[in-house]
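Below: the structure, in structure tokens.
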Amino acid sequence: MKPWTILVTGSSGLIGSEAVEYLDRQGHKVIGVDNNMRRVFFGPPGDTLWNLERLKGATRRFIPIALDIRDREGVMTLFRENRFDLIIHCAAQPSHDKAADIAILDFEVNALGTVNLLEAARHHCPEAAFIFMSTNKVYGDAPNEKPMRETETRYDYSDPADYEGIDETCRIDRTMHSLFGASKIAADIYAQEYGRYFKMPVGIFRGGCLTGPSHSGVELHGFLSYLLKVALSGKAYTVFGYKGKQVRDNIHSFDVVRAFEEFARNPRAGEVYNLGGGRTNSISMLEAISRIEELTGQKINWAYSEEARKGDHICYISNLAKLKSHYPSWGVTRNLDSILEEMVAAEREHSQKG
Ligand SMILES: NC(=O)c1ccc[n+]([C@@H]2O[C@H](COP(=O)([O-])OP(=O)(O)OC[C@H]3O[C@@H](n4cnc5c(N)ncnc54)[C@H](O)[C@@H]3O)[C@@H](O)[C@H]2O)c1
């Protein structure tokens, strides 16, 4: 197969960096766009420059560019100068809670930035597969309407029909999303529209909890990564609401990128997929705390606040049936224990380096 020219946005972030490394290893030419805006959103702990440096050492052909996806002219020029075969769009303001403080910036990065990229692709490479990383927050808190039962450590769906989790038919309006969920919906619908209206091969992946060793985890984004940091540093952690029994499904960044690869080889126009770790990789806050304590041998210093985060999911498990039916070679390959063990090792190494 002829090597591709690939654009990855958010290339210093968790998913973008995994995509860069994986695709570079396969011999493709990967251009990465990232302006370290995670540091602007979250301050020094969100700085992704360490990951950029790591990537430079780990790749052979990777070309990083510090472009802001809000810069429409800059984006157009990039597309004019490079004929992309594949675009993987992961740059974002990724935090549910942060968005309320930076409403305009959140909209400009998530919604407008995505339209800038879609429009540039439409003009310069409409046949290139375009992958947009969306979020399960587009469903707002509609998943909370599912009947639930409570066990000692978690909430779970009580109707057997919901056992495999939330599928793509869940409604996306008339629910509370947070401004982040709203700006991502705008981008999600635009991406679908470029698929349907212009027949471009655009895939939309609505992520559950995406995780892995390259996350610059901060309190407002990257729950497992941040919890691990807290465990290893002895800092305090707050669990918000639902008695700590809220459930998330976690997927390793490698399995996310494998889904992108399957889509890129056989793209469809405007298709939406839920993408998470599924039931087997689901864990509640309480369960995560005790599993991480076991793994690290360190007690987590956590407190409970009655007030749940606005629009937070009580139990979210991604139903993966549609993705698996369209791409049968894809599946979750990293289980929770192996994800956590890898993250503990990476976090220890990262904190030793300072
Ligand atoms: N991590 C999760 O749990 C999760 C869950 C669901 C969906 N998602 C989505 O997946 C995608 C990737 O998430 P992630 O966890 O890798 O996030 P991340 O914050 O680790 O990476 C995003 C990267 O984009 C860069 N960026 C931000 N604004 C930019 C701009 N204007 N121009 C150029 N670069 C910019 C940041 O510096 C950062 O390195 C995002 O769209 C996010 O909304 C993530």
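Restricting attention to the range 227-271, which residues are β-branched (Val, Ile, Thr) and crowded, with 22+ Cβ neighbours inside 10 Å?
So in the range 227-271, the residues β-branched (Val, Ile, Thr) come out as 230, 238-239, 247, 251, 256-257.
247, 251, 256, 257 - these are the residues of the range 227-271 that are β-branched (Val, Ile, Thr) and crowded, with 22+ Cβ neighbours inside 10 Å.
Conditions tested, residue by residue: (1) more than 16 Å from the ligand (Cβ to nearest atom); (2) free of Cβ contacts under 8 Å to residues at least 40 places away in the same chain.
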| position | (1), (2) |
| --- | --- |
| 174 | yes, yes |
| 197 | yes, yes |
| 216 | no, no |
| 221 | no, no |
| 232 | yes, no |
| 270 | yes, no |
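Inside the range 184-223, can you point out the residues that are farther than 30 Å from residue 239 by Cα and among the basic types (Lys, Arg)?
196, 199, listed by residue number.
Considering only the range 123-200, give the strands (runs of 3 or more DSSP E) lying wholly within it that have at least 2 residues that are not hydroxyl-bearing (Ser, Thr, Tyr). Talk me through it step by step, then tell me what you get.
Numbers: elements: 129-135, 148-150, 155-157.
Those strands (runs of 3 or more DSSP E) span 129-135, 148-150.
Given the condition touching a residue at least 40 places away in the same chain (Cβ under 8 Å) and in a helix (DSSP H, G or I), answer yes or no: does some residue in the range 58-68 qualify?
no
Could you grab me the full set of residues in the range 292-311 that are assigned to a loop (DSSP other than H, G, I, E, B) and either among the hydrophobic types (A, V, I, L, M, F, W, C) or touching an Asp or Glu at 6+ places or on another chain (Cβ under 7 Å) (or both)?
First, the residues of the range 292-311 that are assigned to a loop (DSSP other than H, G, I, E, B): 297-300, 306-311.
299, 300, 308, 309, 311, listed by residue number.
Any chance you could count how many residues in the range 240-293 are touching a Cys at 6+ places or on another chain (Cβ under 8 Å) and hydrophobic (A, V, I, L, M, F, W, C)?
Matching residues across the range 240-293 total 2.
Just to verify a result, which residue in the range 81-103, among those that are away from the ligand (no atom under 11 Å from the Cβ) and in a loop (DSSP other than H, G, I, E, B), is farthest from residue 259 (Cα to Cα)?
So the residue we want is 97.
Could you grab me the full set of residues in the range 9-30 that are farther than 20 Å from residue 251 by Cα and part of a helix (DSSP H, G or I)?
Residues satisfying the conditions are 24, 25.
Mind checking which residues of the range 31-53 are assigned to a helix (DSSP H, G or I) and within 20 Å of the chain's Cα centre (by Cα)? Lay out the reasoning, then the answer.
Going through the range 31-53, the residues assigned to a helix (DSSP H, G or I) turn out to be 37-42, 44-46, 49-53.
Residues satisfying the conditions are 37, 38, 39, 40, 41, 42, 45, 46, 49, 50, 51, 52.
Read the figures in this text as sums done on the coordinates, not as results from a lab. It should be emphasised that the depicted structure is a prediction, and the values quoted were computed from it without experimental measurement. All Cβ positions, even for glycine, are placed from backbone atoms using ideal geometry, and neighbour counts span all protein chains on display.
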